[in-house]
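The values are calculated or read from the model by the stated rules, or taken from the named source; none is laboratory data. Predicted model only: the values in this text are computed from it and were never measured. Backbone-built Cβ (ideal geometry, glycine too); neighbour counts: all protein chains shown.
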Protein chains: 2
Amino acid sequence: MADNNDFDRIQYLNELGEAAVRAERVLSRASTAVKNEALLLAAKLLKERESEIIGANATDVDAAAARGMSVSMQDRLRLTTKRIDDIAEGLRQVAALPDPVGDVLDGGTRPNGLRIVKTRVPLGVLGIIYEARPNVTADAAALCVKSGNACILRGGKEAINSNKAVAAVFREALGKAGLPEDCVQLITDTSRETAAEFMKLDKYVDVLIPRGGAGLINAVLTQATVPVIQTGTGNCHVYVDKAADLDMAEKIVVNAKTQRPSVCNAMETLLVHADVANEFLPRICRELIARNVELRVCKKSKKILTAAGFDAGTLKDATEADWATEYDDLILAVKIVDSLEEAIEHISTYTTHHSEAIVTRDYNAASEFQLSIDAACVYVNASTRFTDGFEFGLGAEIGISNQKLHTRGPMGLKELTTVKYLINGDGQVRG
Amino acid sequence: MADNNDFDRIQYLNELGEAAVRAERVLSRASTAVKNEALLLAAKLLKERESEIIGANATDVDAAAARGMSVSMQDRLRLTTKRIDDIAEGLRQVAALPDPVGDVLDGGTRPNGLRIVKTRVPLGVLGIIYEARPNVTADAAALCVKSGNACILRGGKEAINSNKAVAAVFREALGKAGLPEDCVQLITDTSRETAAEFMKLDKYVDVLIPRGGAGLINAVLTQATVPVIQTGTGNCHVYVDKAADLDMAEKIVVNAKTQRPSVCNAMETLLVHADVANEFLPRICRELIARNVELRVCKKSKKILTAAGFDAGTLKDATEADWATEYDDLILAVKIVDSLEEAIEHISTYTTHHSEAIVTRDYNAASEFQLSIDAACVYVNASTRFTDGFEFGLGAEIGISNQKLHTRGPMGLKELTTVKYLINGDGQVRG
């Protein structure tokens, strides 16, 4: 029986893969106008089928609630009229973006007369693995279609009915626009075993993009044979230099920690130069505690804060683990450093290469920080929260890469493409 | 004992990894002048230590011969005065290339005043896994150093003494130029177990580049957790269209198959349009057989060739496996197709997305072929053999990527870099 199940699973995935490759041959050459039409039709159909979609979603939410899903997770899973409006608006925005396919990136004529043109083409078939957020089904499908990539979507099992409803609308829109429906496919068998096999579908899938927490990312990294773009891990730091404008530093630290603590570009550790710690630490910690931030502080910080009248009971001692932890919550590790070099050393040890910031008025400190720190985004005098496709002007985002291969930082449509060399000759052979 | 061995192996690799990361912090910011000095010193020292290196190499070659290594493999392993001259000249050529690090790729000012500059930075720590070719030790180290990447090299065990000698020279040159010797490290424990653990060293290694045959590439793909750039698999096709200039087609086919059959950009299958098969097939096959090419032909080809007087005994029947095989040898699969569409369908089924060519005088056929075929390099009227870093004007090459992620086709210095966003503000926070 086990063998038989395995056989079916692999057969099922191979069929999805073959269908995706076939669809991709058409989609990769589709005109911008046709791709945009599919997106606009999908936006329209989403609204027309709203009650159906919300009904399917209610089944998911009810089942999740019955299984004890947390209220905040239920909230992420839930679709409402407002959210469907937002999703449809997102599709229209992607339709309005420039199409990167066919861009000429480079080129020239070689001494032997060969003319080489480096062009931008879709990656091919993308596998997107994500958690129980049905809006991702529409967002990811839209970015893939616009960039000419067929996609196979594998969403969290808790959202399966919602995802089926959204994917069905998308496929119908593709068909009406004259594109193969299989440009967007959903894996409807949400077992872990099928997900594991999907990660090995390198015969058909060109790139795998996991969107979710550390558990998902690690599962993909250890199991996948398909090339992966890692997204979403961010142990971000803000370093307040001795030459910082402390009013500016306060605004940036509060924003980087509290404006949206659950996301990857939120600050997790605050580093403060010893020369300004006596002045800055008490005021920033007062502000953060007032905003319900739990502090985990180094010994020197604790000394300064208790001397300033803080209740030692509210200040946890930071451990080695705290420096390495991405809380994604209203928790902040705090450390005093004696120099810019110590700040850089600390960040270099614990960074996940996502977003790091310095607050300073010192030109040399700013330069040194930007050149030394190895991260996708290195900020001077701004909040780490800006690492985002919309904030960077990409118009949309499929995730934030924190690996170095292929791309780094926010990934928009261009980042979903690769290159193809077109070489034209008149009979050249190699000597 | 096994546990104890495992512990040592992991400790050994972690030490290499930590040293590489330390060295990379310096190398990533080293000036072009200093990096060039290291390369020129290495070229000089290679010649000064020539007799030592050739002595170490002789130990490897003798041991390999005693173990029964083939003469052609021994030839690849052997270092001579001439080959060391070539390696040294290669290092000087890399020194003369432009340094890609620090290039500004894009940028702008956002509506909120944030100034974003997208710059080019080294990938970081590269792992290069290769076979018994000691010249790769110097070539790979040179490209890594010039592009600001620390490298950990794992060459074939048959070349270990040669690799140690070459790496020692390189490390001495780095030291003399004022760079950390650990910018270039060699794994001296050449066990398979250590290689397997090396592929999982994602804590320290940013990218893994395997250079070698299908066995090596597959081992890396299934075992690695470090992101991989696949190189070197090429099942390349030449399609001779009905509108081909047949004299040109003959030159291109002969060149693509026989000029250097062992490499990844050599042709493996010839497709000929039925309308020109009666005229073209006999003449090209006579030419190829005269050059010792073994032919594996489809039924229609066999009929035409036997009718033209070919001895049926010299014509093997092509099987399904032949269409999918990269011979890397003087063997060619031959198939007649009835249309451009059939040629595209065949190539799309069997391509490894490396290099594909059409020979035609028909504008529409050329365009359709270039737009339809999904490969790194798509040629019109030129030999597939041009897919090469030197031929493309990159000045050097660490390999040819046949995956879509990160880069495709010949990889020079730019392809060994990633991006970093430098973001400068004056107190911006996200609303």
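List the number of the failed condition for A:Phe390; all other conditions in (1) free of Cβ contacts under 8 Å to residues at least 40 places away in the same chain; (2) facing chain B (nearest Cβ under 8 Å) hold.
A:Phe390 satisfies all of (1) free of Cβ contacts under 8 Å to residues at least 40 places away in the same chain; (2) facing chain B (nearest Cβ under 8 Å) except (2).
Filter region A:395-420 down to the residues that are outside any loop (DSSP other than H, G, I, E, B) and among the basic types (Lys, Arg), then identify the one that is nearest to the other protein chains (Cβ to nearest Cβ). Write out each step before concluding.
Pass one, region A:395-420, residues outside any loop (DSSP other than H, G, I, E, B): A:399-401, A:409-411, A:414-420.
With the extra rule that they be among the basic types (Lys, Arg), the set shrinks to A:414, A:420.
Values: A:Lys414: 10, A:Lys420: 7 Å.
Of everything passing the filter in region A:395-420, A:Lys420 is nearest to the other protein chains (Cβ to nearest Cβ).
Given (1) within 14 Å of another protein chain (Cβ to nearest Cβ); (2) closer than 26 Å to A:Ser70 by Cβ; (3) without any contact (Cβ under 8 Å) to a residue 24 or more places away in the chain, identify the lone condition not met by A:Thr222.
Result: A:Thr222 fails condition (2) only.
Could you please find all residues in region B:355-387 being more than 8 Å from every other protein chain (Cβ to nearest Cβ), surrounded by fewer than 21 Cβ atoms within 10 Å (Cβ to Cβ) and either touching a residue at least 60 places away in the same chain (Cβ under 8 Å) or in contact with a helix residue (DSSP H, G or I) (Cβ under 7 Å, 6 or more places away or on another chain) (or both)?
Of everything in region B:355-387, those that are more than 8 Å from every other protein chain (Cβ to nearest Cβ), surrounded by fewer than 21 Cβ atoms within 10 Å (Cβ to Cβ) and either touching a residue at least 60 places away in the same chain (Cβ under 8 Å) or in contact with a helix residue (DSSP H, G or I) (Cβ under 7 Å, 6 or more places away or on another chain) (or both) turn out to be B:Arg361, B:Asp362, B:Glu368.
Sort through A:Leu288, A:Leu315 and tell me the only one that's under 32 Å from the mean Cα position of the chain (by Cα) and either within 23 Å of A:Ala365 (Cα to Cα) or assigned by TED's automatic domain parsing to the domain that holds A:Ala366 (or both).
The conditions single out A:Leu288.
Could you check region B:164-186 and list, in sequence order, the residues that are among the hydrophobic types (A, V, I, L, M, F, W, C) and either under 19 Å from B:Ala58 (Cα atoms) or modelled with pLDDT under 95 (or both)? Working first, answer last.
Taking region B:164-186 first, the residues among the hydrophobic types (A, V, I, L, M, F, W, C) are B:165-170, B:173-174, B:177, B:179, B:183-184, B:186.
B:Ala165, B:Val166, B:Ala167, B:Ala168, B:Val169, listed by residue number.
Within region B:53-66, does at least one residue satisfy the condition of being polar (S, T, N, Q) and touching a helix residue (DSSP H, G or I) at 6+ places or on another chain (Cβ under 9 Å)?
Yes, the conditions are met somewhere in region B:53-66.
Of all residues being more than 14 Å from chain B (Cβ to nearest Cβ) and surrounded by fewer than 16 Cβ atoms within 10 Å (Cβ to Cβ) in region A:13-31, which is farthest from A:Arg192 (Cα to Cα)? Just the residue, please.
Among them, the one singled out is A:Glu15.
Looking at the structure I just gave you, is A:Thr109 free of Cβ contacts under 8 Å to residues at least 60 places away in the same chain and within 14 Å of chain B (Cβ to nearest Cβ)?
Answer is yes for this residue.
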